[in-house]
Amino acid sequence: MENENKELELSERQLTILDAIIRNYLATGEPVGSRTISKYTDLNLSSATIRNEMSDLEEMGYIVQPHTSAGRIPSDKGYRLYVDHLIETNDKKEKELSDMKELVIENTEKVEQVLKQAAKVLANNTNYATLVSAPDVNHNKVKFIQLSQVDDQHLLAVIVMNNNMVRNKMLDLYEPLDNETILKLNILLNTSLNGLAMNEINLGNIASIKERAGIHSGIVSDVIDALAQTFAESEDLKIYTSGATNILKYPELSDSNNAATLLSAFEEKEELASLVTESLSDSEKKDNGTGIQVYIGNESPIQTMKDCSVVTATYDLGEGVKGTIGIVGPKRMDYEKVMDNLKTLKSQLDGIYKKSEDET
């Protein structure tokens with residue numbers, strides 16, 4: 001295992017010192033010296049001994065010395081060891097967040113509202129920039145169709161997809177329909193279309209449904225058109241973001257060039273879409289048991305985020321429908337808090353859709 005090889009490279013004392021350097025730097029943002037480490041740990045080592053160990057850690061590439069300071073800061077390699085160790089030791093720890101609990105209760109019928117609120121809650125809880133992608137709909141299917149008469153001239157078609165995306169379409173009627181006819185049309189549409197993806201609804205299916213609808217084949221045509229429009233709308237990847245300006249709170253990311261580039265990425269969202277795609281792919285190729293991917297510095301799939309750390313989680317709604325939750329911040333982000341938040345939100349999102357599935 002790669003992680004085991006990294007830890008074998010370091011002694012227990014060096015691991016303790018590296019952990020102390022990283023945690024202190026995460027808390028203060030200031031380079032860490034040997035005196036600070038001697039106070040921060042219970043190793044009972046002299047400053048000289050700690051300096052020697054820090055020199056070895058620097059030679060191995062786990063910490064670096066800024067030009068303007070005698071202290072050290074973690075390198076990308078040091079962060080990587082720290083994060084991998086967190087994933088291994090904390091994957092069973094669960095923390096409940098009251099804001100997340102409220103999220104389960106509110107707006108569970110509207111996917112867009114839930115995801116927008118999720119991004120906002122995550123940004124507030126972490127103080128970093130966040131993104132939540134709508135479920136990937138490459139395998140989207142029809143879950144339910146409901147026709148209801150509004151008045152003598154209008155019929156409301158409610159279309160529900162298997163990612164719980166809901167679309168309402170008002171259809172024109174040339175004559176009023178009785179309740180029995182509407183019931184028969186509902187049964188016909190649902191028995192014929194439920195569980196089908198768009199590429200499975202062919203001309204043969206449509207012709208058969210229209211033939212069985214008889215004089216009401218026009219209504220079937222309108223529903224099929226609304227269904228096609230719903231599939232087309234769902235093909236565009238939607239990404240909801242929040243807290244982009246939180247980036248400006250961290251000096252290492254707030255200089256004019258860095259800040260402008262990062263804020264632009266969150267505003268235009270094209271690069272975020274590639275991050276979502278990469279994260280979903282990595283979650284399948286590099287499953288670490290948590291559903292969480294951590295990109296540190298140059299590991300980031302987005303060029304504009306090479307000075308950041310990006311942590312993502314994949315939520316899975318079943319039947320091939322997945323989405324991504326992401327947090328973007330400085331490399332000295334509070335990884336433990338970030339991963340706790342992601343695990344909680346991932347669990348809550350899964351719970352929302354499972355709850356909805358159980359109720360239908």
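What are the residues in region 252-285 that are touching a residue at least 12 places away in the same chain (Cβ under 8 Å) and among the aliphatic types (A, V, I, L, M), if any? The answer is LEU253, ALA259, LEU262, LEU263, ALA265, LEU272, ALA273, LEU275, VAL276, LEU280. Scanning region 41-66 for residues that are closer than 17 Å to TYR82 by Cα and under 35 Å from the mean Cα position of the chain (by Cα) gives LEU57, GLU58, MET60, GLY61, TYR62, ILE63, VAL64.
Scanning region 310-360 for residues that are among the aliphatic types (A, V, I, L, M), modelled with pLDDT under 90 and part of a helix (DSSP H, G or I) turns up LEU345, LEU349, ILE352.
Reported count of residues in region 152-169, each being within 33 Å of the chain's Cα centre (by Cα) and at pLDDT 85 or above, is 6. I'm checking my understanding of the structure. Among residues of region 29-61 that are within 25 Å of PRO330 (Cβ to Cβ), hydroxyl-bearing (Ser, Thr, Tyr) and assigned to a helix (DSSP H, G or I), which one is most open to solvent (accessible area, probe 1.4 Å)? Across region 29-61, the extreme among qualifying residues is TYR40.
Of all residues in region 122-134, exactly one satisfies the criterion of being at pLDDT below 90 and open to solvent by 10 Å² or more (accessible area, probe 1.4 Å), namely ALA134.
Report the residue count in region 170-201 for those that are surrounded by fewer than 11 Cβ atoms within 10 Å (Cβ to Cβ) and within 39 Å of the chain's Cα centre (by Cα).
So the count comes out to 3.
Among residues of region 156-174 that are on the phi > 0 side of the Ramachandran plot, those with a beta-carbon under 8 Å from a residue that is modelled with pLDDT of 85 or more and open to solvent by less than 80 Å² (accessible area, probe 1.4 Å) at least six positions away or on a different chain give the pairs ASN164/LYS143. Within region 214-273, count every residue that is of a type in the set (S, T, N, Q) and closer than 16 Å to ALA123 by Cα. Result for region 214-273: 4.
The values are calculated or read from the model by the stated rules, or taken from the named source; none is laboratory data. It should be emphasised that the depicted structure is a prediction, and the values quoted were computed from it without experimental measurement. Please note: Cβ atoms are built from the backbone with ideal geometry, for glycine as well, and neighbour counts cover all protein chains shown. Accessible surface areas use protein heavy atoms only, side chains included; no ligands, DNA or RNA. Shrake-Rupley method; radii C 1.70, N 1.55, O 1.52, S 1.80 Å.
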